[in-house]
Amino acid sequence: SQIFQPVISIPKNAKIKNTDITCKSQKLLLECGLIRPTSSGFFSLLPLAQRSVEKLIHLIRRHIEAAGAQRITLPALTAESLWERTGRLDEVGVELMKMEDRHGKKYLLAPTHEEAIADLLADVGPISYKQLPLLLYQVSSKYRDERRPKHGLLRAREFLMLDAYAAH
């Protein structure tokens with residue numbers, strides 16, 4: 001079967017009316033059929049873009065694991081209380097996407113996982129010196145409530161990020 005790649009033909013000198021296109025790279029990705037916007041700051045990766053991202057992740061994983069890193073997965077939802085304890089809830093609050101479950105417990109879609117990894121390492125108890133240095137990493141979707149998403153995939157509301165955390 002052929003790969004799905006809807007190509008949009010836009011003349012180079014045409015003025016695009018769509019105000020959601022904020023940079024040349026985003027326009028090129030759209031024209032080549034690599035991404036499609038779903039709403040402001042959110043994009044669907046189409047097959048060729050998805051393949052490229054997977055190849056890049058594979059390359060990075062190979063190198064970071066060769067350096068001794070171990071892959072983990074942390075939840076996308078983080079308890080708001082973790083961010084309150086570190087004081088970053090007030091500091092970063094406006095950019096956080098927040099939600100509440102049916103029991104009234106508050107969560108946020110993590111824009112980063114420093115709080116979660118610190119909580120995890122504190123929860124597992126003492127780490128033997130024989131396990132050090134410890135390098136943990138993850139590749140996951142992150143979320144940020146951008147006031148005005150810009151620069152296409154670079155400042156989107158949902159983005160893929162590799163976080164690496166070291167304990168010495």
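Residue order for VAL92, VAL7, fewest other beta carbons within 10 angstrom first, comes to VAL7, VAL92. For PHE4, PHE43, the sequence from fewest to most other C-beta atoms within 10 Å is PHE4, PHE43.
With θ taken as phi - 60° and the Karplus curve 6.51 cos²θ - 1.76 cosθ + 1.60 applied, the whole-hertz 3J(HN,Hα) list for the range 136-153 is 10, 8, 8, 10, 8, 6, 10, 9, 8, 7, 5, 4, 9, x, 8, 6, x, 6 Hz, x standing for glycine and proline. Computed from the Cβ-Cβ distance with R0 of 35 Å, the FRET efficiency linking LYS24 to GLN131 stands at 0.15.
Normalised by the number of residues in the chain, the average gap of Cα pairs under 8 Å and 6 or more apart makes the relative contact order 24 percent. For the range 24-167, the Cα gyration tensor yields ellipsoid semi-axes of 29, 23, 11 Å (square root of five times each eigenvalue, largest first, whole Å).
Backbone amide hydrogens, once placed in the peptide plane, bring PHE42 within less than 5 Å of ARG157, excluding anything fewer than 5 places away on its chain.
Check each of the trypsin sites (Lys or Arg not before Pro) in the range 107-160 and keep only those in coil by DSSP with at most 15 other C-beta atoms within 10 angstrom; list them in order. It would help to have the intermediate numbers written out before the result.
Numbers: sites: LYS130, LYS142, ARG144, ARG147, LYS150, ARG155, ARG157; in loops: ARG144, ARG147, ARG157.
Those satisfying the criteria are ARG147.
Note on the range 14-168: lysine pairs with Cα distance below 29 Å, sequence gap of 8 or more or different chains, count 20.
Laboratory data are not the source of any read-out in this text; all were calculated from the coordinates shown. Small disclaimer: the values here were computed from a predicted structure and weren't measured. Methodologically, a virtual Cβ is constructed for each residue, glycine included, from the backbone with ideal geometry; neighbour enumeration extends over all protein chains shown.
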